[in-house]
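Notes follow the structure.
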Amino acid sequence: MSSHREAPEISKDPVADSTDVYAFVSPDAPDTVTLIANYIPLQNPAGGPNFYEFGDDVLYEIHIDNDGDGRADVSYQFRFTTRMRTPGSFLYNTGPIRTLDSRNWNRYQTYRLTRVDYDGRRTELGRDLTSPPCNIGPLSTPDYPALARQAVHPVGRGRKVFAGQRAEGFYVDLGAIFDLGDLRPFQNLHNQYGMSVFTQPAPGVNTTKELNVHTLALQVPISELTRDGRRSRDAMDPRATIGVWTTASRRQARIIQDGRGEDSEHGPFVQVSRLGNPLFNEVLVPLGEKDHWNALPPSDDKRFATYVAHPELAALLPGLYPGVFPHLDAYNRSGKSRADLLAILLTGIPKGVVPGFQNNTGTTQADMLRLNTAIPPTGSPNILGLIGGDPAGFPNGRRVFDDVVTVELRAIAGATLPLVDPTFTPDAAANAVTDGLTPADVTNPYLTTFPYLGVPYDGYHYPPN
């Protein structure tokens, strides 16, 4: 998955586990950028009586680098506070919840939003902002879309913020991919290790179908994020590109209170989770380094560059699918570095590689989503983004519907190598490989307006018939 259970330690701490990051020029407000960071993966919608919520003890942040050094120049911090109206009841709610201040809603959360600049200057953008409840069912949350709209808060100067449950928008065939790299549309071509399990192709299966996540979403003016405080309309202007990632941090020390069932936390915040590009830690960083990667800033990612330059999955594909990737196999054996992946994931794509496009941030190798804010949204988006001829999509930032699994599979398989090595001819399969899923495999549709991810699935109707 994009980053749902990507490292051993953070998989034990879902409240601090970032699952996906999105950054795109807002299609309904093109002078703004929408930033989204999802947390708390794989939520069963019927997970009561203690429904999912953000952690009061976690510092959530969305970071922007606008000068290319892999360090935050602007950060937006979210801190949550949980309150109870009726602590003597075991119920999350005691009647229908129609408004965010409903007395029927027993356990609720508010949050504070703060902007922090590179020099440490702090600006509080909002306090006591209310998150919506989880989507429980038709009796408890009878008009959830209207309830969630109440939780879209204006926070001055054209900004909007939302923090709450949303439908999982990331589609992936996790069950097949982690079964020894099986891709169902091509499973009959898999090595199968002498077992002959698959004789025919099969459609992909969306493992995250009808699950929920918790979303931090911001819509802010582009001029608030760029290095010189203005919006460039020239796609070749290096000042138009920003880097985006999210982190979650916990206090350094935790004390379990004997006999009280309560914890207290002390000391400075320590980063425990990080996410920029989808699948970076998941697929490229080796198991023994994953927890280390989560604790570091993007500016330290040079130490992981070798795993991008020589990705393990690219070396495995010819063996997993015998005879399907002979050109990739020969390239792997040559020992050449994958300059295409290094550019896409660690520096951004420089001028001259893709006509009319660049999202390069310089020479510092750092895992960040890189968004060229001068490239406007398109009225006819292609879910394959840049490789599908749509420069407004991944890896130029990431929209909620972009098919990042297919894009990254094709890149690893060699489809993007000719951009930097014209002598390389991709295998025919490189431009066809996919896990077989599209946005149509997301049951609750994406929204066309902020916060863009769909209405969360409710517990009453889960599991689906």
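The equivalent ellipsoid that matches the C-alpha gyration tensor of the stretch 255-388 spans semi-axes of 34, 23, 15 angstrom, in descending order. The C-alpha atoms of the stretch 13-101 occupy a region whose extents along the principal axes are 52, 32, 23 Å, arranged from largest to smallest. For the stretch 166-247, what percent of Cα pairs sit more than 21 Å apart? Within the stretch 166-247, distances greater than 21 Å cover 59 percent of Cα pairs. Ordering 224-234, 179-189, 275-285 by mean Cβ neighbour count within 10 Å, with the highest value first, yields 275-285, 179-189, 224-234. Taking 1.567 mPa s as the viscosity and 4 °C as the temperature, the Stokes-Einstein diffusion coefficient of the stretch 315-438 based on its alpha-carbon Kirkwood radius rounds to 86 µm²/s. Between ASP300 and VAL354, the distance separating the two model label sites (each 7 Å from Cα on the Cα→Cβ line) works out to 3.0 nm.
Give the Kirkwood hydrodynamic radius (Å, one decimal) of the stretch 402-444, defined as one over the mean of 1/r across all pairs of different Cα atoms.
11.3
A helix-only calculation puts the chain at -2500 deg cm²/dmol for mean residue ellipticity at 222 nm, using -39500 (n - 2.57) for each DSSP H run of at least four residues, averaged over all residues.
Give the Debye-formula value of log10 I(q)/I(0) at each listed q (0.13, 0.25, 0.26, 0.29 Å⁻¹), with one equal scatterer per alpha carbon of the stretch 142-200, two decimals each. Rounded to two decimals, the profile gives -0.58, -1.04, -1.07, -1.17.
Computed 3J(HN,Hα) for the stretch 193-198, one whole-Hz value per residue from the Karplus formula 6.51 cos²θ - 1.76 cosθ + 1.60 where θ = phi - 60°, is 6, x, 8, 6, 6, 10, glycine and proline marked x.
Note on the stretch 201-315: percent of Cα-Cα distances in each 10 Å bin, starting at 0 and stopping at the bin with the largest distance, equals 10, 24, 30, 27, 9, 2, 0.
Each Lys or Arg adds one and each Asp or Glu takes one away; over the other residues whose Cβ falls under 14 Å from the Cβ of HIS292, this sums to -3.
A Cβ-based charge dipole, computed about the Cα centre of the stretch 321-465 with Lys and Arg at +1 and Asp and Glu at -1, lands at about 420 debye. Semi-axis lengths, largest first, of the ellipsoid equivalent to the stretch 301-353 are 23, 13, 9 Å, with √(5λ) applied to each eigenvalue of the Cα gyration tensor. Placing dummy labels 7 Å off each Cα toward the beta-carbon, the span from LYS336 to THR448 is 4.5 nm. Share of pairwise Cα-Cα distances greater than 35 Å in the chain is 30 percent (whole percent). With θ taken as phi - 60° and the Karplus curve 6.51 cos²θ - 1.76 cosθ + 1.60 applied, the whole-hertz 3J(HN,Hα) list for the stretch 151-159 is 8, 8, 9, x, 10, x, 6, x, 8 Hz, x standing for glycine and proline.
Estimated from the Cβ-Cβ distance and a Förster radius of 25 angstrom, the FRET efficiency linking HIS310 and ASN191 is about 0.75. Search the structure for amide H atoms under 5 Å from the amide H of LEU125, placed 1.01 Å from N in the peptide plane, and list their residues when 5 or more places away or on another chain. Under 5 Å from the amide H of LEU125 lie the amide H atoms of LEU113, THR114, ARG115, each far enough along the sequence or on another chain. Within 15 Å, Cβ to Cβ, of LEU417, how many net charges do the neighbouring residues add up to if Lys/Arg are +1 and Asp/Glu are -1? Neighbour charge sum, excluding LEU417 itself: -1.
Kirkwood Rh over Cα pairs of the stretch 52-168 into Stokes-Einstein at 4 °C, 1.567 mPa s: D in µm²/s? Don't skip to the end; give the middle numbers.
Working: Rh = 15.7 Å.
My calculation gives 82 µm²/s for D.
Values in this text are rule-based calculations from the coordinates and carry no lab data. All of these numbers come straight from a predicted model, not from anything done at the bench. In this analysis, Cβ positions are derived from the backbone assuming ideal geometry, glycine residues included, and neighbour counts consider all displayed protein chains.
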